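In what follows, a structure is listed as structure tokens, so that the remarks can point back to it.
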Amino acid sequence: MKRYDVIVVGSGVAGLSFALKVASQGYQVAILTKKTRAESNTNYAQGGIASVTSSTDDFNLHIQDTFRAGDGLCHEDVVRAIVGDGPDAIQELIRVGVSFSQLDDGRVSLHREGGHSKRRILHVHDITGKAIEEAFLSAVAAAPNIDLHEHYMAIDLITRQRLLRRGHQVPPGHDQVLGLYALDTINNVVETFCASAVMLATGGIGQVYQYTTNPDIATGDGIAMAWRAGVPIRNMEFVQFHPTALYTHTNERFLISEAVRGEGAILRNLDGEAFMKRYDERGELASRDIVARAIDSEMKTKGVSHVWLDITHKGEDILRERFPSIFENCLQHGINIGKDYIPVVPAAHYLCGGIVTDLDAGTSLCGLYACGEAACTGLHGANRLASNSLLEAVVLANRGSRAVVDFLKDYSDPRIPLPEWEAGVAQSSDEKVVLLHNWDELKRTMWDYVGIVRTNKRLARAQTRIKNLSHEIQEYYWKVNVDEQMLELRNMIRVADLIVQSALYRHESRGLHYTLDFPDKWDFAHDTTLRRGGVF
Ligand code: FAD
Ligand code: SIN
């Protein structure tokens, strides 16, 4: 058994910045990450991080833009706090070594993106996430009291309740987190980690859908783990589809940053018509839900597989300089974006919902914290404003680190011995093919029936299929040795079920949840909160 003061699950911006802060107070911290250390949504972030830094901008404008995108569901206190903490978060990124792009006159270069009334997105060319990830990883490598365990996949939290349910002797007390089980995916053994506090910074869920901008790690593990531990999960129906991913004949969906539209790119249908003004007066810079639905509608009415994004008027030299990674990537697909239109389609991109937390990253379970994309603070409401997620991750990691340090000061160890992982009747798996088939079926089901435009009938169809997949994975889970793919599929099925359940509860169209059965909005806005065993 390995023992730490704090275990952080995830090595994206949320996990790394939190770990550094806690370790700087002298605590022993472990970071578990299921692939190599940089592999995360963070590493692929392009457009940048939103914050009020210019003298022509105003906190109230950023707050109002966030509210407008969030369509009535943003929590006002949370929005004010996170937007207000933005400039400090930017300073922290600079301190850790992030060099934001500058204009020729030395001022910081600010991108503009959909839904923002001002230029306020700080960026490092079009590879902002990679720059942030590298800076934090270097700082973590230099911290003597952080152990970073690559290829360790967290499976489940160990809590008092879990031990009681499994018949272990536990002294009386309220439920609390005591550690977790993690699979060493290189040696295929499950290890027990003991800790006073656990931070879930496991990122998003894009892999639940057939087409996504997210890398393979985004399987919603932290959300599923928290749900199994009885922690409330909120607003899972609000899955954000990014309007412009590069269309290819494979499942791969490389992102074409919204900042490209911020620089004047025009969306055209296959007849060459610039169609966005027909849908919203803000045109290409309307919020993402509106742009993605407009593209979906153009594709469906015309029966075509993509629309065009046209930035040719900027010319090759400027585009190469401003968007080097997008330029190069498109070129590898035979598209010179200085001369050619880019074929684009929407793709699953970001989860606005997640593990319910307060502004200090605290959850309902004592000792359990969550931040970053896995968490739902109330900032994004029914639709996230572009580039607000890196901001939220850094701010919540900071606030969470202060809360955890306070928690540790008063912590008294209940000294409950943690049992080793029970492998049960597990045999080696010879049913890999079933797993692969179920994996594909889940992703296709979510794409076909739980996408940008929904109906009750499609959601019910998805629910039936997910129930079947859920029965099969449970059976499988108890029968065979756990491996990474099976554990991910189990989590993805749980997350898919939570998305569909939440969507079925919302009898209105709001933000990212658009259903033909209930096209209007309720007069009163409320969150959808689910917990194991019920809704509340
Ligand atoms: P992640 O960065 O995804 O990190 C999650 C970590 O958890 C990973 O290290 C992963 O391996 C690990 N993990 C997951 N499950 C387990 C497990 N069971 N055990 C161990 N480890 C686990 N947002 C913006 O604000 N601005 C942008 O410009 C922007 N561009 C984006 C572009 C793309 C292509 C994508 C995909 C997203 C973009 N986003 C952007 C969203 C933003 O990048 C993410 O929301 C944010 O980086 C999430 O950070 P995180 O630390 O919460 O999660
Ligand atoms: C982008 O660059 O378009 C992504 C920004 C985001 O997801 O916030």
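The values are calculated or read from the model by the stated rules, or taken from the named source; none is laboratory data. Here the structure is a predicted model, which means the values were calculated and not measured. In this analysis, Cβ positions are derived from the backbone assuming ideal geometry, glycine residues included, and neighbour counts consider all displayed protein chains.
Before moving on, here are some points about what is shown:
- The residues on offer are 425, 453, 433, and the sole one that is in contact with a Phe, Trp or Tyr (Cβ under 6 Å, 6 or more places away or on another chain), farther than 30 Å from residue 171 by Cβ and surrounded by fewer than 17 Cβ atoms within 10 Å (Cβ to Cβ) is 453.
- Residue 319 meets all of the listed conditions (1) assigned to a helix (DSSP H, G or I); (2) within 16 Å of ligand 1 (Cβ to nearest atom); (3) crowded, with 17+ Cβ neighbours inside 10 Å; (4) not small (Gly, Ala, Ser) but one, namely (2).
- Residue count, region 199-245 (criterion: closer than 24 Å to residue 532 by Cα, part of a loop (DSSP other than H, G, I, E, B) and of a type in the set (Phe, Trp, Tyr)): 2
- Pairs with Cβ under 6 Å, 6+ apart, first in region 44-72 and within 16 Å of ligand 2 (Cβ to nearest atom), second assigned to a loop (DSSP other than H, G, I, E, B) and acidic (Asp, Glu): 46/126; 47/113
- Candidates are the residues of region 379-411 that are assigned to a loop (DSSP other than H, G, I, E, B) and within 16 Å of ligand 1 (Cβ to nearest atom); the one that is farthest from residue 111 (Cα to Cα) is 381.
- The lone exception for residue 101 - which of (1) closer than 20 Å to residue 240 by Cα; (2) surrounded by fewer than 22 Cβ atoms within 10 Å (Cβ to Cβ) it fails: (1)
- Residue in region 4-22 that is farthest from ligand 1 (Cβ to nearest atom), counting only those that are under 16 Å from residue 142 (Cβ atoms) and among the hydrophobic types (A, V, I, L, M, F, W, C): 22
- Within region 242-263, the set of residues being in contact (Cβ under 8 Å) with a residue 12 or more places away in the chain, more than 14 Å from ligand 2 (Cβ to nearest atom) and out of contact with any His (no Cβ under 7 Å at 6 or more places or on another chain) comprises 251 only.
- Between 206, 272, the distinction of being out of contact with any helix residue (DSSP H, G or I) (no Cβ under 8 Å at 6 or more places or on another chain) and buried (at least 24 other Cβ atoms within 10 Å of the Cβ) belongs to 206 only.
- Flag for residue 361 being surrounded by 23 or more Cβ atoms within 10 Å (Cβ to Cβ) and within 22 Å of residue 47 (Cα to Cα): no
- Residue in region 226-241 that is surrounded by fewer than 24 Cβ atoms within 10 Å (Cβ to Cβ) and within 16 Å of ligand 2 (Cβ to nearest atom) present: no
Here is a yes/no grid of residues against (1) in contact with a helix residue (DSSP H, G or I) (Cβ under 8 Å, 6 or more places away or on another chain); (2) outside any loop (DSSP other than H, G, I, E, B); (3) among the polar types (S, T, N, Q); (4) at pLDDT below 95:
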site: 16; (1), (2), (3), (4): yes, yes, no, no
site: 27; (1), (2), (3), (4): yes, no, no, no
site: 60; (1), (2), (3), (4): no, yes, yes, no
site: 63; (1), (2), (3), (4): yes, yes, no, no
site: 79; (1), (2), (3), (4): yes, yes, no, no
site: 90; (1), (2), (3), (4): no, yes, no, no
site: 113; (1), (2), (3), (4): yes, no, no, yes
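- Any hit, region 471-485, residues being touching a Lys or Arg at 6+ places or on another chain (Cβ under 7 Å), aliphatic (A, V, I, L, M) and either in a helix (DSSP H, G or I) or free of Cβ contacts under 8 Å to residues at least 40 places away in the same chain (or both): yes
- Any chance residue 279 is of a type in the set (Ser, Thr, Tyr) and surrounded by fewer than 21 Cβ atoms within 10 Å (Cβ to Cβ): yes
- Within region 270-287, if we keep just the residues that are out of contact with any strand residue (DSSP E or B) (no Cβ under 6 Å at 6 or more places or on another chain) and either part of a helix (DSSP H, G or I) or β-branched (Val, Ile, Thr) (or both), the residue that is farthest from ligand 1 (Cβ to nearest atom) turns out to be 278.
- Sole exception among (1) assigned to a strand (DSSP E or B); (2) within 16 Å of ligand 1 (Cβ to nearest atom) for residue 291, by number: (1)
- Of all residue pairs spaced 6 or more apart or on separate chains, those with beta-carbon atoms under 6 Å, a first member in region 417-428 that is closer than 22 Å to residue 178 by Cα and aromatic (Phe, Trp, Tyr) and a second member that is surrounded by 10 or more Cβ atoms within 10 Å (Cβ to Cβ) and modelled with pLDDT of 65 or more are 421/181; 421/190.
- Condition broken by residue 392, with the remaining ones in (1) over 13 Å from the mean Cα position of the chain (by Cα); (2) of a type outside the set (A, V, I, L, M, F, W, C); (3) closer than 22 Å to residue 197 by Cβ satisfied: (1)
- Residue count, region 252-269 (criterion: closer than 24 Å to residue 33 by Cβ and assigned to a loop (DSSP other than H, G, I, E, B)): 2
- Pairs, first over 30 Å from residue 383 (Cα atoms) in region 96-117, second part of a loop (DSSP other than H, G, I, E, B), C-beta under 9 Å, six or more apart: 103/109; 107/54
- Scanning region 322-365 for residues that are among the small types (Gly, Ala, Ser) and in a loop (DSSP other than H, G, I, E, B) returns 334, 338, 353, 361, 364.
- Residue that is farthest from ligand 2 (Cβ to nearest atom) [pool: residues in region 366-378 that are assigned to a helix (DSSP H, G or I) and over 15 Å from residue 7 (Cβ atoms)]: 372
- From the options 248, 192, residue that is more than 9 Å from ligand 1 (Cβ to nearest atom), part of a strand (DSSP E or B), modelled with pLDDT of 95 or more and of a type in the set (Ser, Thr, Tyr): 192
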